[in-house]
Amino acid sequence: MKATTKSIRQAKGVHQLACLTAYDTVTARIADEGGADLILVGDSMGNTVLGFENSVPVTLDMVVHHTAAVARARVNALVVADVPFGIAHDDFPYVLRACMRLMQVGAEAVKIEGGVGVAPLVARLVAAGIPVCGHVGLQPQQVFQLGGYKKFGGQELEADAVLGDACAVGQAGAFAVVGEMLTPALSGKLRRALPVPLIGIGSGEDCDGQILVIHDLLGLTEKPPGFVRPFANLGSTAREAVSAWAMRVRCPSANLGSPKAE
């Protein structure tokens with residue numbers, strides 16, 4: 001059955017949501033056939049598949065390109081596209097046009113980083129018919145302002161601020177909220193306070209669901225985040241396959257266990 005923003009919202013308190021970030025047709029199909037409820041076309045494509053150090057260099061055109069590729073997989077999971085660096089703080093007509101582009105190439109919702117400051121924008125987008133997923137806690141687009149990546153919720157004032165952010169975007173109409181790098185205690189507070197699902201990443205188990213980058217899950221990332229437990233080691237398997245093929249190309253007469261069929 002096709003997932004929708006309504007079914008994602010209604011999952012709260014009923015079942016845990018399994019969500020993955022993917023950037024192309026191949027990985028989107030794998031995620032969908034594996035049972036993902038939601039596929040995020042994240043701006044983490046910058047550091048995962050495009051060779052950047054972080055997500056800041058990712059442009060709207062890049063996210064549009066990758067969203068279209070994911071949408072062509074025709075998945076049952078809900079397809080959500082990230083609104084990249086800076087756009088959410090531009091004039092509303094520009095933000096609306098940016099979100100329209102993402103929806104018109106196949107996104108079924110957008111994700112926007114921020115809390116209290118972007119809540120009015122979230123409300124206006126929802127009123128315009130564009131479903132929005134919130135994102136609080138660690139906001140990777142703020143990496144330069146933060147001076148690096150960190151855990152949120154260790155101090156009371158910080159935890160209260162994140163809670164306020166989550167509630168603000170929830171009240172503005174977000175159908176779900178991603179909480180990144182939160183302490184387990186803060187995750188529990190957010191989950192109980194929000195009427196919509198809290199989808200955690202690096203935030204412990206007291207959430208309504210979890211999201212991971214599919215490359216991290218499959219062991220394709222050279223240095224995955226410390227909170228990731230890969231469920232496969234496809235990077236090593238792929239390197240071994242390429243090495244075996246290269247040896248066979250260079251020495252075709254050797255018995256290298258080549259495939260029976262070409």
*Close pairs (6 angstrom Cβ cut-off, 6 or more residues apart or separate chains): surrounded by 13 or more Cβ atoms within 10 Å (Cβ to Cβ) in the range 227-239, assigned to a helix (DSSP H, G or I) anywhere*: 228/216
*helices (runs of 4 or more DSSP H) contained entirely in the range 89-170, each with at least 2 residues that are within 28 Å of residue 68 (Cβ to Cβ)*: 92-104, 119-127
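Being more than 16 Å from the chain's Cα centre (by Cα) and within 19 Å of residue 129 (Cα to Cα): is that true of residue 96 here?
So residue 96 fits the description; yes.
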_Residue list for the range 57-81, filter: touching a helix residue (DSSP H, G or I) at 6+ places or on another chain (Cβ under 6 Å), under 16 Å from residue 113 (Cα atoms) and outside any loop (DSSP other than H, G, I, E, B)_ = 60, 81
*Would you be able to say whether some residue in the range 201-209 is more than 22 Å from residue 231 (Cβ to Cβ), within 18 Å of the chain's Cα centre (by Cα) and among the hydrophobic types (A, V, I, L, M, F, W, C)?*
no
*With respect to residue 194, determine if the residue is touching a Gly at 6+ places or on another chain (Cβ under 9 Å) and more than 24 Å from residue 27 (Cα to Cα).*
yes
*For residue 170, are the conditions met, namely being small (Gly, Ala, Ser), within 19 Å of the chain's Cα centre (by Cα) and on the phi < 0 side of the Ramachandran plot?*
yes
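A quick yes/no check of all residues on (1) crowded, with 17+ Cβ neighbours inside 10 Å; (2) farther than 20 Å from residue 174 by Cα; (3) in the same structural domain as residue 175 (by TED's automatic domain parsing); (4) among the β-branched types (Val, Ile, Thr):
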| residue | (1), (2), (3), (4) |
| --- | --- |
| 52 | no, yes, yes, no |
| 57 | no, yes, yes, no |
| 63 | yes, yes, yes, yes |
| 68 | yes, yes, yes, no |
| 77 | yes, no, yes, no |
| 84 | yes, no, yes, no |
| 97 | no, no, yes, no |
*Could you please give the count of residues in the range 29-50 that are outside any loop (DSSP other than H, G, I, E, B) and either closer than 15 Å to residue 109 by Cβ or not assigned by TED's automatic domain parsing to the domain that holds residue 176 (or both)?*
4
*Name every residue in the range 144-160 that is touching a residue at least 40 places away in the same chain (Cβ under 8 Å) and crowded, with 17+ Cβ neighbours inside 10 Å, in order of residue number.*
none
*Quick one: would you say residue 145 is over 18 Å from the mean Cα position of the chain (by Cα), farther than 22 Å from residue 212 by Cα and modelled with pLDDT under 95?*
yes
*Would you call residue 123 assigned by TED's automatic domain parsing to the domain that holds residue 9, touching a Pro at 6+ places or on another chain (Cβ under 7 Å), crowded, with 17+ Cβ neighbours inside 10 Å and modelled with pLDDT of 95 or more?*
no
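Among the strands (runs of 3 or more DSSP E) lying completely within the range 172-225, list those that include at least 2 residues that are under 21 Å from residue 158 (Cα atoms).
Numbers: elements: 176-180, 198-201, 209-213.
Of the strands (runs of 3 or more DSSP E) lying wholly inside the range 172-225, those with at least 2 residues that are under 21 Å from residue 158 (Cα atoms) span 176-180, 198-201.
The values are calculated or read from the model by the stated rules, or taken from the named source; none is laboratory data. As the structure is a computational prediction, the values presented were derived from the model and not from experiment. No Cβ is skipped: glycine too gets one built from the backbone with ideal geometry, and neighbour counts run over all protein chains shown.
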